[in-house]
Each structure stands twice: as structure tokens, then as C-alpha cells.
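The values are calculated or read from the model by the stated rules, or taken from the named source; none is laboratory data. Quantities reported herein were computed from a predicted structural model and do not represent experimental measurements. Ideal geometry is used to build each Cβ from the backbone, glycine not excepted, and the neighbour counts take in all protein chains shown. The protein model used for the area step is the full one, side chains on, heavy atoms only, and it has no ligands, DNA or RNA in it. Shrake-Rupley method; radii C 1.70, N 1.55, O 1.52, S 1.80 Å.
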Amino acid sequence: MAETATSHTSARNHAEKDLAVRTSPASHLLEAFAAGSLAGTVELAELPYLTLLGVRAAAGTETADRLASVTGGLPAASGEIRGSGETSVLWLGPAEFLVVAPAEAHESLGGALIQALQSALADGEGQVVDLSANRTTFELTGPRARAVLEKGCSLDLHPREFKAGTAFSTMIGNIPAILWKTGEESFRVLPRASFADFLGRWLLDAMREYASAEVP
Amino acid sequence: MLLIPCPNCGPRDETEFHYGGQAHVPYPKDPAALNDREWAELLFYRDNPKGAFAERWVHSTGCRQWFNMLRDTVSYDIQAVYPTGAPRPDSATTTSASPEGAVQ
Ligand SMILES: [Zn+2]
């Protein structure tokens with residue numbers, strides 16, 4: 001009993017130590033994001049360390065059904081998002097999905113999502129891969145958020161076309177990224193880690209005119 | 001800028017795609033039997049029609065899927081988008097009714 005408690009504590013200490021040394025792809029822009037944001041107009045922040053899992057399985061197969069029962073469904077077409085609770089599944093391709101869950105869902109923090117998906121996959125044709133370090137997440141919010149994105153994204157972002165609760169793989173500021181509309185005035189942008197610095201600065205630059213004093 | 005109708009994602013900017021060259025170039029049944037000239041033609045020789053051209057495209061920054069497209073090389077009119085492996089659809093009559101050097 002005492003032994004179990006000790007090993008539990010040491011595992012937690014390990015996790016805490018690991019968390020202290022990890023660095024998110026845009027952590028160096030934390031202050032710049034705060035300085036470049038204007039509450040009530042447009043705000044930018046990094047939402048680091050989300051759990052991201054790459055899932056592949058062909059629609060209609062038993063494997064896909066088993067995976068869907070863990071995630072709360074798999075999207076069937078471009079733009080669709082399925083999921084349950086805090087787990088969202090984004091459509092990346094006809095047989096390719098990105099599972100997005102809070103940081104706590106990651107196994108390093110005691111989460112069991114990847115294990116649950118891997119056991120659902122079992123010997124089936126497909127894959128479940130931990131891609132948490134592959135991308136970071138930016139949150140762009142406010143009434144000017146759409147105008148900022150429209151400077152570098154060719155999708156029709158007008159609300160009559162781009163609905164909250166949908167996500168698309170596309171280009172923003174000339175780099176590939178996933179654009180996820182989480183609310184009427186809130187977006188998540190997921191660039192690959194190596195593009196986080198560029199896209200973070202690009203977004204700041206695009207925000208500048210709105211977050212500056214109006215020229216009379 | 002072309003607006004390419006991806007069969008999975010709908011119309012997207014050309015910059016989201018990559019070009020894969022001429023479609024319907026069959027891999028030889030017995031590659032070892034090819035002589036140098038035949039290899040060169042398989043690898044490097046492509047049609048260059050004035051008019052409808054069947055070509056391969058991949059939606060690189062979207063669904064990452066390949067598909068075939070029938071595009072008019074004069075007007076850039078996209079006449080058809082169809083799955084890889086499917087036969088080439090009939091091309092519509094275009095600006096270039098009898099294109100010089102076109103594959104019949
Ligand atoms: Zn596509």
C-alpha cells in the first residue's frame with residue numbers, strides 16, 4: 001500500500017519536472033501576443049500542449065466504427081467536426097482525422113485517450129499516432145478576428161459560409177494550417193510547430209491596424 | 001489563379017494544390033523488357049496538347065488526395081474532375097476544335 005503511494009508520488013514528481021522544462025513553439029511570443037491584443041477588438045494567444053492524435057481508418061469499416069465509439073463519432077466530410085465532451089475530431093481527409101483533446105488527456109499527464117484509441121484500433125487497418133508536438137494552437141478572438149484571417153486566407157470566411165463548429169485544412173499567410181471556427185468570433189489556428197513563429201508574427205502584423213489607435 | 005474543384009473539399013485556390021503531370025500514363029507490364037528509348041519515353045516524354053489535357057493533381061494542403069482533372073490548356077477551363085483510375089471523360093468542344101498535336 002505504502003509502496004504504491006510512493007511510486008505514484010514519484011511518477012507525479014517526474015511529470016511535474018517534465019512540465020517545467022517543456023517549451024511550446026510560440027512561448028517566446030507570449031508577451032508580444034499580449035501587447036498586440038486589444039480586448040473587445042482582436043486578441044491572440046497560444047493555447048499550448050493540446051493533445052493531438054492522428055487517426056486513420058477507412059469510413060464504414062469495423063475499425064472506423066470502433067474508433068468512433070471512443071471519440072464520439074468520426075466526421076464524414078470536409079469541414080465536419082465530431083466528438084464528445086472535450087474531445088473533438090477534425091476531418092483532414094476521407095480516411096484521416098485529427099483528434100484534439102485538452103492537455104490533460106495526454107498520457108504524460110495521466111490521460112488514457114491514446115491507449116483507448118490504440119486498443120480500439122487493435123489489429124484493424126489504420127493508425128493512431130500521438131502528434132501532440134506536431135502542431136501548436138493559436139486562439140484568435142474578437143469582432144476583428146475574421147478580418148485578420150481574411151488578409152491571408154482564401155476561404156470564404158463570411159458567417160453565411162463558414163459556420164462555427166467547422167474546421168478546414170487550408171493556407172493562412174501562405175503556410176498550411178488548420179482553421180477551426182469555435183464560435184462566431186473565435187477561431188483556432190493550428191500551424192505545424194516549425195511555422196508557429198512565422199504565423200504568430202504574421203497574425204500580430206495583421207492585427208496591428210485594429211489594435212492601434214484610429215487615425216482621424 | 002485557378003480555382004480548382006477538389007472532389008473532397010470543393011473549390012480551393014490553385015496554391016493549395018500540386019501538379020502531377022499527365023494522367024493515364026500506364027506503367028509497363030514488363031518493365032525489364034523495355035529498351036532505353038522506351039524507358040526514356042515512359043519517364044520523360046509527355047503529350048503537349050493545345051486544348052483538353054488530362055492531368056493529375058493533389059490537394060496538398062487540404063485533404064492530401066490525388067485526383068484527375070481535364071483542363072483546357074488554352075482557355076484554362078476545367079472540364080471535368082474525376083477519380084484516379086477512372087477512364088478519361090469525353091472533353092467538351094473547346095476554343096481549339098482541332099488542336100495541333102492534340103492526342104486524339
Ligand atoms: Zn481536397
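Over segment A:63-185, average the accessible area per residue using a 1.4 Å probe and give it in Å², no decimals.
43 Å²
Taking springs between alpha-carbon atoms closer than 10 angstrom, which of A:Ser169, A:Ser88, A:Ser78 fluctuates most in the Gaussian network model of chain A?
A:Ser78
For segment A:53-105 and segment B:9-63, write down the distance between their C-alpha centroids in whole Å.
Segment A:53-105 and segment B:9-63 have Cα centres spaced 32 Å from each other.
A:Arg208 to A:Ala116: extension gain in nm, 0.36 nm per residue of separation minus the Cα-Cα distance?
28.7 nm
Counting GluC sites (Glu not before Pro) as exposed when in a DSSP loop with at most 13 other beta carbons within 10 Å, what is the longest stretch of chain A free of them?
Here the longest run is A:1-85.
For the B and A pair, go ahead and give the buried accessible area with a 1.4 Å probe, both sides summed, in Å² to 100.
900 Å²
Pick out, in residue order, every one of the chymotrypsin sites (Phe, Trp or Tyr not before Pro) in segment B:1-60 that is DSSP loop and has at most 12 other C-beta atoms within 10 Å; say none if there are none.
B:Tyr45
What span do the alpha-carbon atoms of chain B cover on each of the three principal axes, reported in whole Å from largest to smallest?
Extents along the principal axes, in whole Å: 43, 34, 22.
At q = 0.12 Å⁻¹, what log₁₀ I(q)/I(0) does the protein assembly as shown have when each alpha carbon counts as one equal point scatterer in the Debye sum?
Debye curve over Cα of the protein assembly as shown, log10 I(q)/I(0) at q = 0.12 Å⁻¹: -0.96.
Could you tell me how many degrees, from 0 to 90 and to the nearest 10, lie between the Cα long axis of helix A:196-211 and the main elongation axis, the longest principal axis, of the Cα atoms of chain A?
The two axes meet at around 40 degrees.
Dipole of the protein assembly as shown (Lys/Arg Cβ +1, Asp/Glu Cβ -1, origin at the Cα centre): which of A:Pro102, A:Asn134, B:Phe53 lies farthest to the positive side?
Of the candidates, B:Phe53 comes out farthest on the positive side.
Rounded to the nearest 20 Debye, what is the dipole magnitude of segment A:50-133 about its Cα centre when Lys and Arg each give +1 and Asp and Glu each give -1 at the C-beta?
120 debye
Measuring with a 1.4 Å probe in the full set of protein chains, what accessible area per residue, in whole Å², belongs to chain B?
Per-residue accessible area for chain B comes out at 63 Å².
Scan segment A:112-166 for trypsin sites (Lys or Arg not before Pro) in coil per DSSP, keeping those whose Cβ has at most 12 other Cβ atoms within 10 Å, and list them by number.
Answer in residue order: A:Arg160, A:Lys163.
Give me the extension gain from A:Asp65 to A:Leu109: residue separation times 0.36 nm, minus the current Cα-Cα distance, reported in nm with one decimal.
Contour length minus the Cα-Cα distance gives 13.1 nm.
Pop a pseudo-label 7 angstrom from the Cα along the beta-carbon direction at both B:Ser75 and B:Tyr19 and give the gap in nm to one decimal.
Placing both labels 7 Å beyond Cα along the Cβ direction yields 2.0 nm.
Counting each DSSP H run of 4 or more residues in the protein assembly as shown as -39500 (n - 2.57), what helix-only mean residue ellipticity at 222 nm follows after dividing by all residues, to the nearest 500 deg cm²/dmol?
Result for the protein assembly as shown: -7500 deg cm²/dmol, rounded to the nearest 500.
In segment A:152-196, which residues give up 10 Å² or more of accessible area once the other protein chains are added, compared with their chain alone (1.4 Å probe)?
A:Ser154, A:Leu155, A:Phe168, A:Ser169, A:Thr170, A:Met171, A:Pro176, A:Arg192
Taking all protein chains as present, what is the carbon and sulfur share of the accessible area of chain A, in % to the nearest whole number, probe 1.4 Å?
52 percent
Counting only protein heavy atoms, probe 1.4 Å: which residues of segment A:91-117 lose 10 Å² or more of accessible surface in the full assembly compared with their chain by itself?
Buried by the other chains: A:Trp91, A:Leu92, A:Pro94, A:Glu96.
For segment B:1-50, list whatever residues lose no less than 50 Å² of accessible surface once every protein chain is in place, relative to that chain by itself, with the probe at 1.4 Å.
B:Arg12
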